[in-house]
Structures are given as C-alpha cells and as structure tokens.
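Student: Dumping the structure here so I can ask a few things about it.
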Amino acid sequence: MAADKMVCVQDYENYARKHLSKNVWDYFSSGADDELTVRENIAAFQRLRLRPRLLRDVSARDLTTTILGEKVAMPIGISPSGLHGLAWQDGCLYMMKAAASMNVCMTLPTFATSTPKELVDIAPSALKWFQLYVTPERDFMKRLIQHVERLGYKAVVITIDVPVTGNRRTMSRHGFHVPPHITVSNFGEELKRKYRFPADATDPSLSWKDIAWFQSVTSMPIVLKGVMTSEDAELAVQHGVQAVWVSNHGGRQLDSVPATIEVLPEIVRAVRGRVEVYMDGGIRQGTDVMKALALGARAVFVGRPALCGLAHSG
C-alpha cells in the first residue's frame, strides 16, 4: 500500500504487521495471557456513543492545551513504548522529531534505544518527559533521574504496574529476543549482566512508601502511570504526585482488567481536580480522543499507533 493511500491508524498497523519481522511484531502487538484486555481497550471505545450538539460556531478551532503547565498543540502525546529501534533504525530519534514537529509531548522510555541527551540534541526546545521503570538499584535510579532533569526533561513518569513482567504467551511461544544490534541506552553492561534484562529489571518491592524517596531526589513533577482504580488515584493524591496516568500497559501486564476508558470516569471523580489525569490504551482515532476528554482526561497518549507509523519509513 502506497503511503498516500494510508488514511488511518489501521492502515499503518496493517503495513507494520506485514513488513516487520514476526519477532518484532509479536513484541509490539502482544498482550498478557488471553489478550482480553488488549481487545477490550479498543472495543470499549467502540461501545461509547457521542451526543452531538449542533448550530455552534466552530469556525475558529483551537486544539492547544497545557499539561503540567507546558503548552502543547493538541491533547495527544507519545507513550513510552520501549525499543523503538526494533521498528526503525534510530527509531527514538525519529519519534522525537515527529513529536517536536507537531509540538506534542514525547515520553522517553527507560528501555529506549537512544539516550536522553540524543533527544535533547535533535529537539532542544521540545517537551520531553522521562518514563522510569524502577529497578532495585536506587543509586542508579537517582543518577538517571537527576541526569534527565539537568537535561531539561519536564516530568518523571513512574510506571507502577510492572512488579513483574506480564505473562505474554505470544512472545514466549515464539521465543522473542532482543536482536544483538539493539542497544538499551540507559542501562550499562553491569546492570544487564546482573539482571535477566529486561524481564526482571524491575523492583517487585516498589510500594507507596517509595514515592517520598523519588520526591527527595528530584524537583520534577511526578506522574504515576498505571493507575486503574479510584482507591489508588486517591492514594496518589495523598502522596503528593502531580498527575495520574490511567493505563493497563496496553493489556501487556495483567489480563482481564477493564479497559482504561471504562475506569477513567471513576478516577477523574476520585481526584476531584487536585491532579491532572491522562490515559492511554485503545486510542485509534480522533473520536477516541474526544471521548477520553469528555470523560475527564486532560490528555491522551498513544503507543502502538506511533510505533506502526514509525515502521513505515521512519
């Protein structure tokens, strides 16, 4: 399919499925266990209906908004999907260039194939957040957080839903492996040897008491990614974070949890405007973004759709 015939995310997903190796496609597309939540993330959006109000003057339209005080061109950002380099050589850098050209937020993952500084070098003024998988190595965590803060990253996004890696059957069945030419830039060789990287590089002891430690090592706003209940949203507010990110990890961690759009309203009600609320999962078109905003999200973030676009000529 020629690029000028691609008109929606599904077109790019079809292209990526056809052109990426099975090893890579399995990594990007698979979910946990029966992949019920992977499918529900999309299906739940499709069940929602819009109630249009008409005869409104929409001749002047403005999609700009702010997230954590920073102005962006639209309420859509790039999720911290790992290993961009599997989709395209220097994939992180191409993703950053795209985000900068659209004036939207790029969230660099811990398991990135480019360094935080490389993103700054190619897009010094673009809005950048850093996603953190918490390892047991607190000294390493501190150095990494403070490094990105000095580089000008505007928030740290702590992923809280990976005490252990989800049971991704498709990847296990077909023997997923990180190709030798792919380098995870934020981890040194010592950590890679110490942990069965990246499967067990996260800290299963992570708990609410650790939030204070993160607050002690950075002045960046803290976003908790992986909140799925009103109870945890309230705890997040009580622990002084600046935003919660409603996410089920794209259905990759714990199967049979609800779709993110289904739990978004209860989380918005729980925080009562005290912190900002973002979400990801299942967003494939503009009406999905509209539904999320109507239900209270400040902004949405996309992962797989951006990766599928990256797979097409970067």
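Student: Name every residue in the range 43-61 that is part of a helix (DSSP H, G or I) and touching a residue at least 60 places away in the same chain (Cβ under 8 Å), in order of residue number.
Tutor: Matches in the range 43-61: Ala43, Ala44, Phe45.
Student: Still on this model: Do the conditions hold for Glu266, that is, is it open to solvent by 50 Å² or more (accessible area, probe 1.4 Å), touching a Ser or Thr at 6+ places or on another chain (Cβ under 6 Å) and among the charged types (D, E, K, R)?
Tutor: Judged against the criteria, Glu266 is a match.
Student: Would you pick out the residues in the range 211-229 that are over 22 Å from Ile67 (Cβ atoms), touching a residue at least 40 places away in the same chain (Cβ under 8 Å) and either open to solvent by 20 Å² or more (accessible area, probe 1.4 Å) or within 20 Å of the chain's Cα centre (by Cα) (or both)?
Tutor: Scanning the range 211-229 gives a single hit, Trp213.
Student: Hey, another quick one. Val244: on the phi < 0 side of the Ramachandran plot and either in contact with a helix residue (DSSP H, G or I) (Cβ under 6 Å, 6 or more places away or on another chain) or part of a loop (DSSP other than H, G, I, E, B) (or both), yes or no?
Tutor: yes
Student: Could you list all residues from the range 25-44 that are crowded, with 21+ Cβ neighbours inside 10 Å, under 20 Å from Trp88 (Cα atoms) and not aromatic (Phe, Trp, Tyr)?
Tutor: Ser30
Student: I'm checking my understanding of the structure. Among residues of the range 67-99 that are aliphatic (A, V, I, L, M), part of a strand (DSSP E or B) and in contact with a Ser or Thr (Cβ under 7 Å, 6 or more places away or on another chain), which one is nearest to Cys308 (Cα to Cα)?
Tutor: Result: Ile78.
Student: Pick out the one residue from Leu48, Leu68 that is open to solvent by less than 80 Å² (accessible area, probe 1.4 Å), touching a strand residue (DSSP E or B) at 6+ places or on another chain (Cβ under 8 Å) and closer than 28 Å to Glu276 by Cβ.
Tutor: Result of the check over Leu48, Leu68: Leu68.
Student: Next question. Can you tell me which residue within the range 4-24, out of those that are open to solvent by less than 50 Å² (accessible area, probe 1.4 Å) and over 25 Å from Ser172 (Cβ atoms), is nearest to the chain's Cα centre (by Cα)?
Tutor: Val9
Student: Then there is this: Inspect the range 275-285 for any residue being among the charged types (D, E, K, R), free of Cβ contacts under 8 Å to residues at least 60 places away in the same chain and either touching a Cys at 6+ places or on another chain (Cβ under 9 Å) or surrounded by fewer than 19 Cβ atoms within 10 Å (Cβ to Cβ) (or both) and give the result as yes or no.
Tutor: No, the range 275-285 contains no residue that is among the charged types (D, E, K, R), free of Cβ contacts under 8 Å to residues at least 60 places away in the same chain and either touching a Cys at 6+ places or on another chain (Cβ under 9 Å) or surrounded by fewer than 19 Cβ atoms within 10 Å (Cβ to Cβ) (or both).
Student: Right, something else. Just give me the residues in the range 220-231 being under 20 Å from Ala259 (Cβ atoms) and touching a strand residue (DSSP E or B) at 6+ places or on another chain (Cβ under 8 Å), in sequence order.
Tutor: Leu224, Lys225, Gly226, Val227, Met228
The values are calculated or read from the model by the stated rules, or taken from the named source; none is laboratory data. Bear in mind the structure is a predicted one, so any value in this text is a computation, not a measurement. Heads up, the Cβs are rebuilt from the backbone with ideal geometry, glycines too, and the neighbour counts pull from every protein chain shown. Quick note on the areas: whole protein, heavy atoms, side chains included, nothing else; ligands and nucleic acids left out. Shrake-Rupley method; radii C 1.70, N 1.55, O 1.52, S 1.80 Å.
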